[in-house]
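Written below as structure tokens is the structure these notes are about.
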Amino acid sequence: SCAGLGEGGGSRNMLTEIPETLCALPKLWKLMIASNNISEFPVALCTMPALKTLDLQSNQIVSLPTEMTQCTTLAILLLSGNQITTIPTFLSTDFPAMKRLTIDGNPINWELAENYPTHKAVAKRFEDMKDGRFVGCM
């Protein structure tokens with residue numbers, strides 16, 4: 001049984017989605033699935049009770065769903081090199097455990113009025129943390 005699995009990896013496997021069975025592992029705390037072809041943020045990840053590190057770098061993710069606010073244990077979220085065009089405001093207010101966030105290398109649309117102040121608010125949040133790290137787009 002894989003129920004006790006704590007770390008999972010699937011980087012560089014041309015995945016287009018994350019298998020639901022992986023999202024059902026209650027002790028999985030680290031999931032590394034960078035460099036795939038995932039285009040939608042897997043909402044099922046938001047219900048994983050132990051998930052602390054999520055690496056979705058270099059995929060094809062376009063947006064981040066509001067369900068992400070349920071990821072209360074998430075401390076490291078790596079989203080660099082995707083296709084994200086809007087920075088959700090919840091990145092500056094939710095995620096009490098978040099210590100590191102990377103969103104560089106995304107085609108953020110700076111003509112959308114909300115992106116610039118949200119980016120500044122997210123950056124400020126991480127500046128105020130002792131061990132916080134934010135890698136943004138500007």
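Kindly identify region 74-124 as rounded, prolate or oblate by the Cα gyration tensor criterion: order the square roots of the eigenvalues as a ≥ b ≥ c, call it rounded if a/c is under 1.5, otherwise compare a/b with b/c, prolate if a/b is larger, else oblate.
In terms of gyration-tensor shape, oblate.
Do any of Lys27/Lys130; Lys99/Lys130; Lys30/Lys99; Lys30/Lys130; Lys30/Lys120 go past 19 Å between their Cα atoms, and which?
Check vs 19 Å cut-off fails for Lys27/Lys130; Lys30/Lys130; Lys30/Lys120.
Using only DSSP helix segments of four residues or longer, with each worth -39500 (n - 2.57), what per-residue ellipticity at 222 nm results for the chain after dividing by its residue count and rounding to 500?
About -4000 deg cm²/dmol.
Calculate how large, on average over all directions, the projected area of the Cα convex hull of the chain is; give the answer in nm² to one decimal.
The number I arrive at for the chain is 7.6 nm².
So which GluC sites (Glu not before Pro) in region 32-138 pass both tests, a DSSP loop state and at most 15 other Cβ atoms within 10 Å of the Cβ?
Loop-located and lightly packed - Glu40, Glu111, Glu114.
In debye, nearest 20: dipole of the chain around its Cα centre with unit charges on the Cβ of K, R (+) and D, E (-)?
460 debye
Find which of Ala24, Gln60, Gln83 sits farthest along the positive direction of the dipole of the chain, computed with +1 on the beta-carbon of Lys and Arg, -1 on that of Asp and Glu, about the Cα centre.
Value: Ala24.
Once you put a point 7 Å from the Cα of Asp94 and another 7 Å from the Cα of Thr66, both along the Cβ direction, what distance in nm separates them?
With each label point 7 Å from Cα toward Cβ, the separation is 0.9 nm.
For the chain, find the longest principal axis of its Cα atoms and tell me its angle to the long axis of helix 115-127, 0 to 90°, nearest 10.
70 degrees
Could you state the number of Å between the C-alpha centres of region 94-125 and region 54-73?
Each part's Cα centre sits 13 Å from the other's.
Counting only protein heavy atoms and a 1.4 Å probe, tell me what percentage of region 1-136's accessible area is made up of carbon and sulfur.
Answer for region 1-136: carbon and sulfur cover 52 percent of the accessible area.
With labels modelled as points extended 7 Å from the Cα through the Cβ direction, what inter-label distance (nm, one decimal) is found for Gln83 paired with Ala113?
Distance between label points: 2.8 nm.
Hey, what's the chain come to in accessible area per residue, 1.4 Å probe, Å²?
Value returned for the chain: 52 Å² of accessible area per residue.
Within the chain, what's the longest stretch lacking trypsin sites (Lys or Arg not before Pro) that sit in DSSP loops with no more than 15 other Cβ atoms inside 10 Å?
With a cap of 15 other Cβ atoms within 10 Å, the longest stretch comes to 28-129.
The values are calculated or read from the model by the stated rules, or taken from the named source; none is laboratory data. Keep in mind the model is a prediction, meaning the values are calculated, not measured. Note: ideal-geometry Cβ built from the backbone for every residue, glycine included; neighbour counts use all protein chains shown. Remember, those area values only see protein heavy atoms, side chains included, never the ligands or the DNA or RNA. Shrake-Rupley method; radii C 1.70, N 1.55, O 1.52, S 1.80 Å.
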